[in-house]
Amino acid sequence: MSGRVCASILQRASCYTLTLPCSTLSQPRPVHRHVSSVGASRADQVGLSVEESGNWSQIKRRLSTRQDLDFQLNQVQINNILRSNEQTVSVPEFDGRGLSTVRKFESNQLAANTPNEDRRSAATCLQSKGMLFGVFDGHGGWACAQAVSERLLYYTAVAMMPKQSLEELEKCMEEGRPVPPILQWYKHHTDFNYRESASLYIDHLRVFWQELLDSEEHDDGMSPPDALDRAFKRLDADISLEAQVPLSNDLMKSTAIQVAFAGCTASVAHIGPEGIHVANAGDCRIVLGVQEEDGSWSALPLSQDHNSQNEAEMERIRAQHPPSERDTVVTEDRLLGVLMPLRAFGDVRFKWSHELQQSILASLESGVDLDSLNLYQYTPPNYFTPPYLDVAPEITYHKLRPKDRFLILGTDGLWDELGNEEAVRLVGEHLSGVHLQAPVSPSERQLKLGQMHELLLKRRARASPALDTNAATHLIRRALGTGEYGELCQERLASMLALPEDLARMYRDDITATVVYLNSNLARPQHA
């Protein structure tokens, strides 16, 4: 199927409006996919023609009776779905090297794609100080997000290690002895690794630390911001290289190509004794939850989305190409009219020359089904001066203060549904158990009876108790189930969770949320 036809189908499919109970004002809006012109649309997958795909009533008639009945989920079923991927980890207060800045973290994922294209990572650095947390939003399949979630934290940790520790790693490898652990991972039981590619990944990580050893400037290891910047760029270069070089078997080769042609955005936080370094490439987001002196909550974003809504990012992209391409490099809010995030891992379709892309895809065995690997012979329009995409992260630093209480890391599926302030308020009130209400303003005292009733409904909704002990689950539940007045609408939530696989992605994205609770007592007050 051509990219133009696929784009047409997706455009029409995105016009569906699904009517749900509880509120006519809070119906789920169709969700935009990261990639608009590559691969088959959901409407196409359920057997709809282009003409039919804009008609919700025709779609409903195509659904089976069992699928219709599945819209009636009960509370137990809802909880089972929402909590199946949740994770809660308490971090030891003292790890043998000092007090931990992180008290605990809670994480969860809810898929819309099948399989889920989001990934998450969390680990303690064992050869340097601090903890690393990451969220990764894949597009064009899950392959790139999977590889990056496995590897990026290793590259970052290795870059921060002092030369003496790297020398010990290399000596163990040369002598065939066990290598000292670099990270202590916190895995969910459903997480998995690319086992067939493990040896390749280790080999390239070793080449990376060998190059660091050869550097005369690496005695004490890199600072966290330098390590994050180097790790992002080096891993993306390795992903590109692995897709081009001969590998030991066909499975490893096809996996490497699949990873390179897919893509993912990434947000990673390094939480050290003094502060937080954030590296972001794409439209995942990291937000700090701050508790003010009056007990209220405020949000401090530590990353900026790299998409067409970011004017500085738009100017950065345009400046990298000739003036003749100024009007075509980003069209319809997408890179070359196709890709929503403007920075990403992989996505070599926006980085390699057209000739190299064709050569690599042609190198696969003739019997390989490219569609099954999410690979397509497709070149974006107006592809004149590649590369159009890079993964250079935007890095920020925040010095910890006593009022900094937690960090929220989320893929864009979360932020599509919740604003920064609302997400922080939900977690803050979940943490404290206190639901603060603003005093009734003079203007609100003049409300008519119907308007006063609406105000009371909104205030009551804010005071409703949480159903989940896990704050990440609480966020996802409220993201999908909040009604017109801020109340938790059980019917809306049930409908969103019961959407058939072929339709779910039209109305919500994969959602990953990680909430990291900070040991605020360690933060020293700032002095002027």
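Enter the accessible area per residue of region 261-302 (Å², integer; probe 1.4 Å; all protein chains in place).
Here the per-residue accessible area is 23 Å².
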Pop out the ³J(HN,Hα) list for region 237-244 in order, Karplus 6.51 cos²θ - 1.76 cosθ + 1.60 with θ = phi - 60°, rounded to Hz; leave Gly and Pro as x. 5, 5, 4, 5, 5, 4, 7, 9
Sum of side-chain charges, Glu311 neighbourhood, beta-carbon under 13 Å (Lys, Arg +1; Asp, Glu -1): -2
Kindly provide the GluC sites (Glu not before Pro) of region 301-408 that DSSP labels as loop, not H, G, I, E or B, and whose Cβ sees at most 15 other Cβ atoms within 10 Å. Glu332, Glu365
Sorting Phe94, Ala147, Gly130 by the position of each Cα along the dipole of region 77-183 (Lys, Arg +1; Asp, Glu -1; all at Cβ), the one nearest the positive end of that ordering is Phe94
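Based on Cα coordinates alone, diagonalise the gyration tensor for region 73-116, multiply each eigenvalue by 5, take square roots, and list the semi-axes in whole Å, largest first.
Ellipsoid semi-axes (Å, largest first): 33, 13, 6.
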Report P(r) for region 99-223: all Cα-Cα distances, bin width 10 Å, range 0 to the bin holding the largest distance, values in whole percent. 11, 39, 33, 15, 2
With a 1.4 Å probe and all protein chains left in place, how much of the accessible area of region 346-432 comes from carbon and sulfur atoms, in whole percent? 49
Could you pull out every residue, at least 5 positions away or on a different chain, whose amide H is within less than 5 Å of the one on Val91? Hs are placed 1.01 Å off N in the peptide plane, and Pro or chain starts have none. Lys104, Phe105
Isotropically averaged projected area of region 239-357, using the convex hull of Cα atoms (one quarter of hull area), nm²: 11.5
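Averaged per residue, what accessible area in Å² does region 336-392 show with a 1.4 Å probe, protein chains only?
Accessible area per residue, region 336-392: 42 Å².
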Under a crude label model (7 Å from the Cα following the beta-carbon direction), how far is Trp185 from Thr469 in nanometres? 2.6
Put Phe94, Phe136 in order of accessible area, largest first, probe 1.4 Å, and you get Phe94, Phe136
Hz values of 3J(HN,Hα) by residue in region 283-290 - Karplus curve (6.51, -1.76, 1.60), Gly and Pro given as x: 10, 6, 8, 10, 10, 9, x, 10
Over region 145-200, with every protein chain in place, what whole percent of the accessible area is carbon and sulfur at 1.4 Å, could you tell me? 50
How many nm is it between the label spots at Phe192 and Asp220, if each spot is 7 Å from the Cα in line with the beta carbon? 4.4
What translational diffusion coefficient, in µm²/s and rounded to a whole number, does the Stokes-Einstein relation yield for region 163-214 at 20 °C and a viscosity of 1.002 mPa s, taking the hydrodynamic radius as the Kirkwood radius over Cα pairs? 170
Starting from the eigenvalues of the Cα gyration tensor, five times each then square-rooted, give me the equivalent ellipsoid semi-axes of region 178-280, largest first, whole Å. 26, 18, 15
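Please sort by residue number the trypsin sites (Lys or Arg not before Pro) in region 99-191 whose DSSP state is loop and whose Cβ has at most 14 other Cβ atoms within 10 Å.
Loop-located and lightly packed - Lys187.
The values are calculated or read from the model by the stated rules, or taken from the named source; none is laboratory data. What you are looking at is a predicted structure, and each value in this text was computed from that prediction instead of being measured. Here Cβ is always computed from backbone atoms with ideal geometry, including for glycine, and neighbour counts include all displayed protein chains. Remember, those area values only see protein heavy atoms, side chains included, never the ligands or the DNA or RNA. Shrake-Rupley method; radii C 1.70, N 1.55, O 1.52, S 1.80 Å.
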